[in-house]
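Below is one structure, written out as structure tokens, with a few remarks after it.
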Amino acid sequence: MPASLLRLHFHDCFVNGCDGSILLDDTSTFTGEKNAFPNRNSARGYEVIDAIKANVEKACPSTVSCTDILTLAAREAIYLTRGPFWSVCLGRRDSLTASQSAANDQLPSPFEPLVNITAKFVSKGLDVKDVVVLSGAHTIGFAQCFTFKQRLFDFNGSGNPDPTLDSSLLGSLRSVCPNQSDSDSNLAPLDAVTINRFDNVYFKNLMNNSGLLESDQALMNDNTTAALVSNYSRNPSLFSKEFAASMVKLINIGVLTGQNGEIRKNCRVVN
């Protein structure tokens, strides 16, 4: 669940800012973000936020936004996996709408080239270092086979596996993700070495050509990003420090304050 909460938080902030829009169910007036391609059948943790919100409402009605709850839940989840801790200023308010089309357009995809992903980060006020350090969140969590299967069997339409993929990892992944459509939703760990611990092993994996997603391993194909990967692979404390700094930047993207938005009573619907 820690990886799911962090991903939910990231996907919220990347679509029109950190405003809790990803938590909204579809209505007759808008189609929300839950069923956008990057979130459909993969975004998890909604029920955790619902449970926290219900308890908070009992103690402090109409006081703490769903956005702040999601922001804090993601931080605490990472800290409990031995990850870094970062400061969170409170007072965010919740959006009044959500947009499936915005989620489809704005969220980075594991199928995109690095230059496209970097451009999406830059559009949010982030930079190339944030791309690399926040990709380090893939030190925990899982990915569905369809997100990387073409690397195992038909890389770029070649009929062969990705030649950069470590051969031992290739064998183990093929056992989890056989070349058949009913394996598309099977899960493989993003970091098979320390699956449930937030650390810098993700970067060590990239150095060994053992990144799971093509978009992860692509960080080694650019001199600037490869140098950052190398630094983080050798210095876990540097990764922790800079991950926390990048998260502080992320959580302040496009926040609603003052009279903008509202404090939802139920995170799934506007008041």
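The values are calculated or read from the model by the stated rules, or taken from the named source; none is laboratory data. Bear in mind the structure is a predicted one, so any value in this text is a computation, not a measurement. With ideal geometry, Cβ positions are generated from the backbone for all residues, glycine too; neighbour counts draw on all protein chains shown.
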Problem - Among (1) among the aliphatic types (A, V, I, L, M); (2) under 30 Å from residue 58 (Cβ atoms); (3) buried (at least 18 other Cβ atoms within 10 Å of the Cβ) - the single one residue 228 does not satisfy - result: (2)
Problem - Sole exception among (1) at pLDDT 95 or above; (2) more than 18 Å from residue 132 (Cα to Cα) for residue 226, by number - result: (2)
Handout entry: Hits in region 186-201 (condition: in contact (Cβ under 8 Å) with a residue 40 or more places away in the chain and closer than 21 Å to residue 161 by Cβ)
Key = 186, 187, 188, 189, 190, 191
Practice task
Among the residues of region 27-69, count how many are in a loop (DSSP other than H, G, I, E, B) and over 22 Å from residue 109 (Cβ atoms).
Solution key: 10
Exercise for the section: Looking at (1) outside any loop (DSSP other than H, G, I, E, B); (2) exposed (fewer than 14 other Cβ atoms within 10 Å of the Cβ), find the lone condition where residue 243 falls short. Expected result: (2)
Handout entry: Verdict on residue 213 being under 18 Å from the mean Cα position of the chain (by Cα), aliphatic (A, V, I, L, M) and modelled with pLDDT under 95
Key = yes
Fill in the blank from the handout: Exception for residue 182 within (1) closer than 25 Å to residue 115 by Cα; (2) acidic (Asp, Glu); (3) in a helix (DSSP H, G or I) falls at (1)
Practice task
Look at residue 152 and say whether it is over 19 Å from residue 38 (Cα atoms), among the hydrophobic types (A, V, I, L, M, F, W, C) and modelled with pLDDT under 95.
Solution key: yes
Problem - Test: residue in region 252-271 that is farther than 30 Å from residue 58 by Cα and either out of contact with any strand residue (DSSP E or B) (no Cβ under 8 Å at 6 or more places or on another chain) or among the basic types (Lys, Arg) (or both) - result: no
Handout entry: Unique residue being of a type in the set (Ser, Thr, Tyr) and in contact with a Lys or Arg (Cβ under 6 Å, 6 or more places away or on another chain) when the list is 4, 28, 21
Key = 4
Problem - Qualifying positions in region 166-179 - hydrophobic (A, V, I, L, M, F, W, C) and either modelled with pLDDT under 90 or assigned to a helix (DSSP H, G or I) (or both) - result: 169, 170, 173, 176
Practice task
State all residues of region 99-152 that are within 13 Å of the chain's Cα centre (by Cα) and part of a loop (DSSP other than H, G, I, E, B); if no residue qualifies, say none.
Solution key: 107, 108, 109, 110, 140, 141
Problem - Among (1) assigned to a loop (DSSP other than H, G, I, E, B); (2) at pLDDT 95 or above - the single one residue 197 does not satisfy - result: (2)
Practice task
Just name the residue that is surrounded by the most Cβ atoms within 10 Å (Cβ to Cβ) out of those in region 49-89 that are farther than 30 Å from residue 194 by Cα and free of Cβ contacts under 8 Å to residues at least 24 places away in the same chain.
Solution key: 56
Practice task
Could you please let me know if residue 118 is crowded, with 18+ Cβ neighbours inside 10 Å, without any contact (Cβ under 8 Å) to a residue 40 or more places away in the chain and among the polar types (S, T, N, Q)?
Solution key: yes
